[in-house]
Amino acid sequence: MRNVITPCLWFVDNAAEAAEFYTSVFPDSKIVHQMLSQDDWPGGKAGDVLLVEFELQGQAYQALNGGPNDPFNERVSLSVLCKDQTEVDRYWEELIADGGEPIMCGWLKDKYGVRWQIVPEAFFRMVKDTDLEKSRRVMQAMTQLVKLDVAKLTQAYQGKQ
């Protein structure tokens with residue numbers, strides 16, 4: 001068996017609900033397995049869902065019902081590379097629905113407290129340009145946005161702000 005690194009997201013008691021939500025947002029995603037607790041534990045009782053294994057577009061994740069001890073924080077986020085503005089808009093709206101909140105610079109927090117970065121491919125193309133002035137303008141434009149906007153980033157890249 002080869003070693004695989006799988007992010008594990010800690011939820012209070014709604015890991016199954018969160019995994020179902022995430023697999024509904026991203027195409028080619030699925031719930032792989034749900035492990036039920038054999039015994040009562042600080043976050044629930046025997047028979048409750050303890051761990052959910054799921055995949056988002058081929059990437060494995062785990063969702064753990066670990067109880068209320070440690071909330072999510074800003075130090076970890078999931079980054080979603082989007083092919084265009086339509087994809088940015090769709091993921092943004094779905095992930096902030098029902099209690100999520102926009103943050104800034106393409107970051108948001110979903111209704112479960114998980115932080116996401118929703119980033120168009122065009123941003124990385126522009127910011128990695130060898131013309132450092134173009135790259136700087138794109139970075140400056142990005143810091144002024146909440147949800148990233150390909151048109152505004154492109155205008156900055158082209159020096160048309």
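Note on segment 135-151: residues that are among the charged types (D, E, K, R), part of a helix (DSSP H, G or I) and surrounded by 17 or more Cβ atoms within 10 Å (Cβ to Cβ) amount to 1.
Given the structure, is residue 9 out of contact with any Phe, Trp or Tyr (no Cβ under 7 Å at 6 or more places or on another chain), surrounded by 17 or more Cβ atoms within 10 Å (Cβ to Cβ), outside the structural domain of residue 114 (by TED's automatic domain parsing) and not charged (D, E, K, R)?
Considered against the rule, which asks whether it is out of contact with any Phe, Trp or Tyr (no Cβ under 7 Å at 6 or more places or on another chain), surrounded by 17 or more Cβ atoms within 10 Å (Cβ to Cβ), outside the structural domain of residue 114 (by TED's automatic domain parsing) and not charged (D, E, K, R), residue 9 comes out as no.
Return yes when residue 20 is out of contact with any Phe, Trp or Tyr (no Cβ under 7 Å at 6 or more places or on another chain), farther than 23 Å from residue 120 by Cβ, without any contact (Cβ under 8 Å) to a residue 12 or more places away in the chain and not assigned by TED's automatic domain parsing to the domain that holds residue 111 and no when it is not. Break it down into steps so the answer makes sense when it comes.
On the way: out of contact with any Phe, Trp or Tyr (no Cβ under 7 Å at 6 or more places or on another chain): yes; farther than 23 Å from residue 120 by Cβ: yes; without any contact (Cβ under 8 Å) to a residue 12 or more places away in the chain: yes; not assigned by TED's automatic domain parsing to the domain that holds residue 111: yes.
When the stated conditions are applied, residue 20 passes them.
All of (1) more than 16 Å from residue 118 (Cβ to Cβ); (2) exposed (fewer than 14 other Cβ atoms within 10 Å of the Cβ); (3) at pLDDT below 95 hold for residue 44 with one exception: (2). For segment 108-134, a tally of residues being crowded, with 16+ Cβ neighbours inside 10 Å and either of a type in the set (Ser, Thr, Tyr) or part of a loop (DSSP other than H, G, I, E, B) (or both) returns 5. Among the residues of segment 95-107, those identified as over 15 Å from residue 73 (Cα atoms), surrounded by 17 or more Cβ atoms within 10 Å (Cβ to Cβ) and over 9 Å from the mean Cα position of the chain (by Cα) are 96, 106. Among residues of segment 12-41 being within 15 Å of the chain's Cα centre (by Cα), of a type in the set (S, T, N, Q) and surrounded by 15 or more Cβ atoms within 10 Å (Cβ to Cβ), the one that is farthest from residue 94 (Cα to Cα) is 29.
Residues checked against (1) modelled with pLDDT of 95 or more; (2) in a loop (DSSP other than H, G, I, E, B); (3) under 15 Å from residue 148 (Cβ atoms):
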position: 53; (1), (2), (3): yes, no, no
position: 68; (1), (2), (3): no, yes, no
position: 74; (1), (2), (3): no, yes, no
position: 86; (1), (2), (3): yes, no, yes
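Residue selection: residue 56 satisfies the criterion of being assigned by TED's automatic domain parsing to the domain that holds residue 13 and not polar (S, T, N, Q). Taking the conditions exactly as written (farther than 26 Å from residue 15 by Cβ, modelled with pLDDT under 95 and either in contact with a Phe, Trp or Tyr (Cβ under 8 Å, 6 or more places away or on another chain) or not assigned by TED's automatic domain parsing to the domain that holds residue 29 (or both)), does residue 161 satisfy them or not? For residue 161, the condition - farther than 26 Å from residue 15 by Cβ, modelled with pLDDT under 95 and either in contact with a Phe, Trp or Tyr (Cβ under 8 Å, 6 or more places away or on another chain) or not assigned by TED's automatic domain parsing to the domain that holds residue 29 (or both) - is met.
The values are calculated or read from the model by the stated rules, or taken from the named source; none is laboratory data. Quick caveat: nothing in here was measured; it's all calculated off a predicted structure. FYI the Cβ positions are ideal-geometry reconstructions off the backbone, even for glycines, and counts take in every protein chain you see.
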